[in-house]
Each structure stands twice: as structure tokens, then as C-alpha cells.
Amino acid sequence: MKKRKICVVVTARPSYSRVKSVLTAIKKHHELELQLVVAASALLSRYGSAVEFIEKDGFQIDAKVFSVLEGENTTAAAKTTGLGIIELSSVFQNLNPDIVVSIADRFETMSTAIAASYLNIPLAHLQGGEVTGNIDEKVRHAITKLSDYHLVSSEDAYQRVLNLGEEKDSIFNTGCPSIDLAVDIKNKVELSFDPYKKYGGVGKEPDYRNAYVVVMQHPNTTQIEESRTHIENTLHAIDHLQIPTFWFWPNIDAGADGTSTGIRAYREYHKLEHVHFFKNMASEDFLELIYFSKCLIGNSSVGIREASYLAVPVVNIGDRQFRRLRAKNVKDVEHDSEEIREAIQFQMSQNYKSSSIYGKGNSGEKIAYILAKVKLKFHKTITY
């Protein structure tokens with residue numbers, strides 16, 4: 001029997017954790033052949049070299065697409081998207097997949113959707129139908145309209161994609177694949193690795209054994225001029241609290257230069273002896289790190305998705321996750337250092353229950369089954 005070729009495109013550090021269990025399930029499925037393309041910032045060491053983790057996990061990469069333009073601003077993002085369309089069009093033509101899988105809502109993901117659509121390759125979209133407070137929402141909904149199959153992460157997202165006019169039989173609530181990685185984490189009783197020894201990083205090495213917090217804060221792409229001020233407010237809060245802190249550098253989003261400059265400048269004038277900085281970690285290690293933390297701080301979707309399942313207290317700062325479905329573990333605050341500090345202190349004393357709003361940990365297998373059985377579509381009808 002001829003296997004159906006499924007081409008998955010990973011374009012950024014967070015995209016890999018969102019799709020890792022799907023890649024594994026596709027690879028194991030007897031009716032599917034995995035084609036893996038790694039592109040954009042996922043290839044760059046500056047943003048954590050996601051490609052190294054992909055290769056260490058044993059996945060064969062069929063094509064690498066270097067398409068990121070320097071700048072970390074809106075113009076660079078737009079041009080990177082355009083270059084991605086050009087390069088991915090050639091890759092898809094050569095690989096000739098039966099279905100292309102596009103992940104989430106980053107600007108690089110738009111390249112995948114447009115290239116596949118114009119080549120008349122059926123497109124499956126993971127994590128459509130969600131809402132946020134930045135450019136990602138426009139990208140996400142645009143990809144929904146370009147996609148033929150919608151593999152959404154929640155009932156809330158399912159209803160929104162349906163309301164966008166997509167056919168009911170093309171929408172599947174599979175849960176979020178990143179929750180699959182969190183299932184085994186809940187069985188651990190303590191941190192199983194030394195972050196300093198395993199991942200290096202920069203900065204002092206505070207004793208984290210009694211308690212620590214994790215910070216992951218990205219720029220808001222609709223407020224890029226304020227990205228430095230935003231990160232300085234968080235730095236002030238963390239500096240005041242003097243709690244051992246593991247801090248992760250931002251994604252490649254527009255405004256990331258302001259975020260990074262703010263961190264570097266603050267470090268020059270303040271000791272920050274309780275803070276250690278990392279670029280990236282293996283997905284499971286990162287989830288384990290936040291699971292045993294007292295609080296996750298910033299504006300990453302990890303605080304909304306995986307942290308809800310792991311019952312990790314979260315301080316969500318600003319509008320980047322605006323309106324996104326969340327569990328009770330999330331406390332929302334503005335970009336105000338005192339408000340952030342008070343919220344962290346409050347959350348560190350809380351105990352939350354695990355939530356399954358984003359799935360129960362079997363999404364990868366569900367998605368592989370759908371990709372194997374769904375009828376190939378080369379046109380779509382919009383319902384009203």
C-alpha cells in the first residue's frame with residue numbers, strides 16, 4: 001500500500017514542542033510517511049537551535065530552509081515571510097507531499113500556508129481558531145481560511161473556526177499536542193537534571209533547590225516601541241524579589257531587539273545574582289523545569305496551555321495572550337513592576353488543580369489517525 005506523505009514544517013523554537021508528539025505518531029503510523037522541513041528561526045543558534053533538538057530526537061530532516069532576515073522588526077518579519085514563500089514553494093514541489101501541516105500562528109507559518117495553497121496541496125492547520133492580542137491573531141485566522149483541515153486544541157477554538165465559515169466535517173478538536181509531552185512530567189517528584197550543567201546559559205548560578213521561578217517574556221508585536229520598557233518592568237519586579245530565577249531569551253518576533261537590549265542593559269547596571277539566562281531547552285526538560293517552579297512569569301502561550309495541565313501558577317503580563325482560553329492558574333497583570341511583583345508573591349503561595357481544557361495527552365495519535373484517513377481535498381466550500 002502506498003503511504004500518504006505528510007510534510008510538516010517547523011519554523012520556530014515553540015513550534016517543535018507543539019508538534020513533537022505528532023511527528024512521532026506520523027513516523028509510527030503504517031499508512032503515513034513523514035516529511036520534515038525545518039525552516040526560519042528554528043535553524044538559528046541565536047534563537048535556541050531547535051534543529052539540534054529535532055536531530056537529537058532522531059527525526060530525519062528532509063529539507064532546511066534559511067529564510068530569516070535580520071532586524072527583528074515588522075519589515076524584517078514581512079520580508080522573511082515573502083522569502084519563506086519562495087523557498088518553501090521549491091521544497092514542496094520537490095517533496096510532492098499529499099498533505100502539508102502548518103503549525104499555529106507565527107509569521108513564518110504564513111509562508112507555509114501560502115506556498116502549499118498555491119501549489120494545490122491540501123493544508124492541515126494545527127491550533128487554529130484561537131484569539132490573542134497581537135499580529136498572530138490575523139495570521140492564525142488567515143491560515144484558517146487557507147487551510148483544508150483544522151486540528152484545533154479546544155472546544156472554544158472549534159466553535160470559532162466553525163463560525164469563520166469552515167465546513168464542520170473538516171474541523172477536529174484533537175487537543176493540543178504539546179500537552180502530550182506534559183503527561184509524564186506529572187509523575188516526577190523532583191527536577192531530574194541540573195539546568196546549569198546540562199544547558200550552560202549565562203549569568204550567576206543561584207541555589208534553586210528550595211524554590212525558583214521561570215520567566216519567558218516575548219515582545220508584543222503591536223507594541224514593539226514599548227518592548228524595552230515592558231521587559232524593564234519585569235526585570236525590576238524580579239530584581240526586587242531576589243528569588244532564584246531561570247530566564248529565557250525571547251523569540252524572533254518584531255520588537256525582540258528591544259527586549260534583548262533591555263535585558264543586556266539592565267544586567268550592566270544591576271548585579272542580578274539570582275538570575276540565570278538560557279536560550280532554549282529540550283521540550284520535556286523545559287516543562288519539567290516549570291512544573292517544579294513556584295511560578296511562570298511572562299506572556300508565553302506555555303503559561304496558557306501546558307501550565308494549565310501541569311497546574312503551574314502563572315503571572316501573565318500584558319495583552320499578548322488577550323482573550324485566549326485559560327484555566328484558573330493564570331493571573332493577568334499589566335506592564336507595571338509593582339503589580340507584577342505582587343502577583344508573583346500571590347501566585348507562589350497558590351495550589352491549583354490540573355485542567356484539561358487543551359487536551360488530555362493523546363493529541364499526536366489523534367492527529368496522525370486523521371491525516372491517514374481524511375479524504376484529500378483540493379478545493380473548499382465556505383458555509384454560511
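Quick look at the values:
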| item | result |
| --- | --- |
| For region 98-105, Karplus couplings with θ = phi - 60° (6.51, -1.76, 1.60), whole Hz, Gly/Pro x | 7, 9, 9, 10, 10, 10, 6, 8 |
| Span from the region 212-267 Cα centroid across to the region 28-73 one, whole angstrom | 26 |
| Most fluctuating residue given options Ala104, Ala265, Ala113, as computed from a GNM of the chain linking Cα atoms under 10 Å | Ala265 |
| Structure-derived Cα Rg over 2.2 N^0.38 Å: which label, when the choices are [x] 0.95; [y] 1.12; [z] 1.30 | [x] |
| Calculated Rg and Dmax of region 184-347 using C-alpha coordinates, Å | 14.6, 43 |
| Spatial separation of Cα centroids for region 271-323 and region 325-379, in angstrom | 11 |
| Acute angle (nearest 10 degrees) that the helix 13-28 long axis makes with the longest principal axis of the chain, alpha-carbon atoms | 40 |
| DSSP bridge orientation in the chain - percent antiparallel, rounded to nearest 5 | 5 |
| Over region 188-227, volume per residue of the alpha carbon convex hull, in Å³ | 138 |
| Between 0 and 90°, nearest 10: helix 74-95 axis offset from the chain longest Cα axis | 40 |
| Rounded, prolate or oblate (a/c below 1.5 giving rounded, otherwise prolate when a/b exceeds b/c) for region 76-130 by Cα gyration tensor | oblate |
| Region 284-301 residues near the modelled Asn210 label - backbone nitrogen below 19 Å, point 7 Å along Cα→Cβ | 292-295 |
| Cα gyration tensor, region 175-257 - rounded (a/c under 1.5), prolate or oblate | oblate |
| Per DSSP, loop trypsin sites (Lys or Arg not before Pro) in region 165-210 with at most 15 further Cβ within 10 Å | Lys188, Lys204, Arg209 |
| Residue of Gly203, Gly359, Gly258 that the Gaussian network model of the chain assigns the largest fluctuation, springs spanning Cα pairs under 10 Å | Gly203 |
| Set of lysines near Lys3 by C-alpha distance (under 27 Å), chain-local residues within fewer than 8 positions excluded | Lys20, Lys27, Lys28, Lys56, Lys64, Lys168, Lys366, Lys373, Lys375, Lys377, Lys380 |
| Rounded if a/c under 1.5, otherwise prolate or oblate - region 327-381, Cα gyration tensor axes | prolate |
| Relative contact order, percent, the chain [alpha-carbon distance under 8 Å, six or more residues apart] | 19 |
| Residue with peak Gaussian network fluctuation, the chain [Cα springs, cutoff 10 Å], from Glu190, Glu155, Glu339 | Glu190 |
| Using alpha-carbon coordinates, inclination of helix 135-146 to the longest axis of the chain, degrees | 10 |
| Burial order of peptide ranges 302-314, 62-74 (average beta-carbon count within 10 Å, highest first) | 302-314, 62-74 |
| Nonlocal amide H pairs with Ser49, under 5 Å, H built at 1.01 Å | Leu44 |
| Inverse mean reciprocal Cα-Cα distance (Kirkwood Rh) of region 1-92, Å | 13.9 |
| Amide H within-cut-off set for Gln35, under 5 Å, with H built and near neighbours excluded | Ile6, Cys7, Val8 |
| Amide H contacts of Val215 (H built 1.01 Å from N, under 5 Å, at least 5 apart or other chain) | Phe246, Trp247, Phe248, Ile297 |
| Antiparallel bridge percentage (DSSP; both residues within region 201-287; nearest 5) | 20 |
| Sequence-separation-based contact order of region 184-347, relative, with Cα cut under 8 Å and 6+ spacing, percent | 26 |
| Furthest towards positive pole of dipole, Phe248, Leu235, Ile121, structure part the chain, Cβ charges | Ile121 |
| Fraction of beta bridges assigned by DSSP in region 184-347 that are antiparallel (%, nearest 5) | 10 |
| Per-residue HN-Hα couplings for region 114-131 [Karplus 6.51, -1.76, 1.60; θ = phi - 60°; Hz; x = Gly/Pro] | 5, 4, 5, 5, 6, 8, 6, 9, x, 10, 10, 10, 8, 6, x, x, 8, 10 |
| Least to most buried among His218, His270, His141 (fewest other Cβ within 10 Å first) | His270, His141, His218 |
| Relative contact order (%) - region 276-384, alpha-carbon pairs under 8 angstrom, separation at least six | 23 |
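Bear in mind that the values in this text are calculations on the coordinates, not laboratory data. Fair warning: this is a prediction, and the values are worked out from it, not measured in the lab. Note: ideal-geometry Cβ built from the backbone for every residue, glycine included; neighbour counts use all protein chains shown.
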